[in-house]
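Inspection log for the structure reproduced underneath, given as structure tokens.
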Amino acid sequence: METKTLSVADAIRGRRTVRHYRPDPVAPELIEELLELTMQAPSAWNMQDRSIVVVTSESGRAALSEAAFGQPQPREAPVVLVFVADAAAWRDRNADIAELAGRNGAWNAEFTAMFDTRAEYLALEQRGLLRENAVKNAMIAATYAMLAATGLGLASAPMNGWDAESVKQAIGIGDRADLAIAVLVTIGYSDAAPPHPGRRPRERRVFAERFAAAR
């Protein structure tokens, strides 16, 4: 498949949050490439404790729009990616993760043994941070999705402002208290070229060694 070639730097600088989309469909091969790139995102211990529900049906997107208090993006965009965080993924043996990493030469026996202890996850559980950890991993994947979309000539928007239980109902996991909704990302073609809103000067948000309260 021939796709637009864009450097990572250009994708970062060129990405915009898009609220309104043309009705043009996204070719299935583009969606597949986007998902393949998204799933390359890292996660703690390579646990891959995040999943993506790809919603393209009109009814599914309408339900997500309602869950997002009527925001237009899910109705207008032909594709909505719902990032689901699985805070309990670490409880499974997940032998395939370690086996694949070992075959690829990425993990040695010592690292695999550390993975098998789940010590870090037990510590997170004690501190009540399992959900936060899984959501962080899902958000990293969502960032990959948006940059990949830009590189493929697509527009995107990360969506906040939705009712988590309504989103879960819309994607068929209303009974799964162990799963969390991290973010929604709409994908499609922008109906206009949004201008860059600008960013504050870097010195207001980047500090050396120690945080300085900025105003």
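The values are calculated or read from the model by the stated rules, or taken from the named source; none is laboratory data. Keep in mind that this is a model prediction, so the values were computed, not measured. A quick note on method: Cβ atoms are made from the backbone with ideal geometry, for glycine too, and the neighbour counts reach across all protein chains shown. Only protein heavy atoms, including side chains, enter the accessible area calculation; ligands, DNA and RNA are left aside. Shrake-Rupley method; radii C 1.70, N 1.55, O 1.52, S 1.80 Å.
Brief remarks on what is shown
- Normalised radius of gyration (Cα atoms, divided by 2.2 N^0.38 Å) for region 1-98: 1.29.
- Protein-only accessible surface at a 1.4 angstrom probe places the residues Lys136, Lys168 in the order Lys136, Lys168, largest first.
- Distant-in-sequence amide H partners of Val18 (H built 1.01 Å from N, under 5 Å): Ser156, Ala157
- Accessible area per residue was computed with a 1.4 Å probe on protein heavy atoms; Arg19 scores about 120 Å².
- In this rough spin-label picture, where each label sits 7 Å from Cα along the Cβ direction, the Leu35-Arg210 distance is 5.0 nm.
- The HN-Hα couplings worked out from phi for region 22-37 by the Karplus form 6.51 cos²θ - 1.76 cosθ + 1.60 (θ = phi - 60°) are 6, x, 4, x, 9, 4, x, 5, 5, 4, 4, 5, 4, 5, 4, 5 Hz, whole numbers, x standing for Gly and Pro.
- For Arg131, solvent-accessible area (1.4 Å; no DNA, RNA or ligand), Å²: 140
- Accessible area, probe 1.4 Å, largest first, for residues Asp92, Asp24: Asp92, Asp24
- Candidates Arg127, Arg75, Arg50: whichever shows maximal mean-square fluctuation once the chain is modelled as a Gaussian network with Cα springs under 10 Å: Arg127
- Three-way shape label, region 105-215, alpha-carbon gyration tensor, a/c 1.5: oblate
- Taking the longest Cα principal axis of the chain as reference, the axis of helix 130-151 is set at about 40 degrees.
- Long-range HN-HN contacts of Ser190 with modeled amide H, under 5 Å: Arg22, Ala155
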